[in-house]
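Here's the structure we're looking at; comments come further down.
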Amino acid sequence: MKHSSCQEIIYQGPKSKEKLEKERPSSDEARMKLPHKVSASLAQALEKLDLSTKAEYQKKESQTVMPGTRCKNAGCKTVFQGPETNKEVCTHHPGVPVFHEGYKYWNCCCIRTIDFNAFLDQKGCSTGVHRWVPKQDKKKVACRYDWHQTGENVIVTIYAKNANPKFSSIEANGTVVVNVKQSSVNMVPSKVEVTLRKADKVAWGKLEDPNYKPDPEPIDDSFTETTENQEQNYDIEDDDISDSDEEWAYDTKQNQTQEQKNKEELKKNEDEEIQNLKRKEVEEEMKKCLSKTNETPEECLEQ
């Protein structure tokens, strides 16, 4: 539109909704730890939990290893005779047993065999120290969570019982369209509440970013190494395998059926042997429990 003074004036309509939306910041933006507040009840609960954990640890440490106890590392048959046994080198298998198509082997060295006794007698491929107490692996637990929002804040509630502030932290950046400096964390015995201050006072349709891809969980180095060795050994073994004319001559349907029956029989025997081993372990643990305490067999099983 032009005025009489020959000045051009441009009138624009309202911007579309897409243009009004703020661009989401980059996910590579540096993250900041949100300040957290620990309730007095949680501090008391953690103090009691710490005392009980220390007492349990001291109890385990004070327990002497009984002579005749066998090393718990796979492949090691050393029996504890006294303190001098701890000075010996433990030769064991750091990997896990694999049972596939009648073959038995450890994934750390991949020495295959069909005979179960030969598999149990395989010498370890790694050295270390003896372990007289069964290893208790730490387990990850998925916590239930929920969220709601007000005009200014988004509150994320994580139902984690007795969260330890020494080992817990919440980090955030502008990627989630929040004001990090005005956000905070409140920790109580039954849950953790994360209060996120909205950058804009608008309603959130969802909590998760649909474009976010979580980082892969770290894998144990020893497991990665044994897996790589296993794959390399597979390649070598596959290259060395060849079928001669004589082998093809016997590759009939009848022989294939017989071979399948042999594999099924081997697998059946293998399962029975595993069950027998597990049964023997349970019986030994029951005998030890009953000999040391006055508990009933049912109470020993609960332990």
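What follows draws every value from the coordinates through simple rules; no lab data is involved. What you see is a predicted model, and the numbers here were worked out from it, not measured in a lab. Reconstructed Cβ throughout: ideal geometry from the backbone, glycine too, with neighbour counts over all protein chains shown.
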Kindly provide the pair-distance distribution of segment 70-131 built from C-alpha pairs, with 10 Å bins from 0 and whole-percent values in order of increasing distance.
-> 24, 48, 22, 6, 0
Could you please report the charge total around LEU42, scoring K, R as +1 and D, E as -1 over all other residues with beta-carbon less than 14 angstrom from its beta-carbon?
-> +2
Greater than 24 Å apart at Cα, pairs in LYS135/LYS191; LYS135/LYS288; LYS72/LYS278; LYS48/LYS287 | LYS135/LYS191; LYS48/LYS287
Cross-link pairs beyond the 20 Å C-alpha cut-off, checked among LYS166/LYS198; LYS77/LYS123; LYS33/LYS198; LYS161/LYS206; LYS77/LYS280; LYS104/LYS261 = LYS166/LYS198; LYS161/LYS206
May I ask you to sort VAL141, VAL177 by Cβ crowding, counting other Cβ atoms within 10 Å and putting the fewest first?
-> VAL141, VAL177
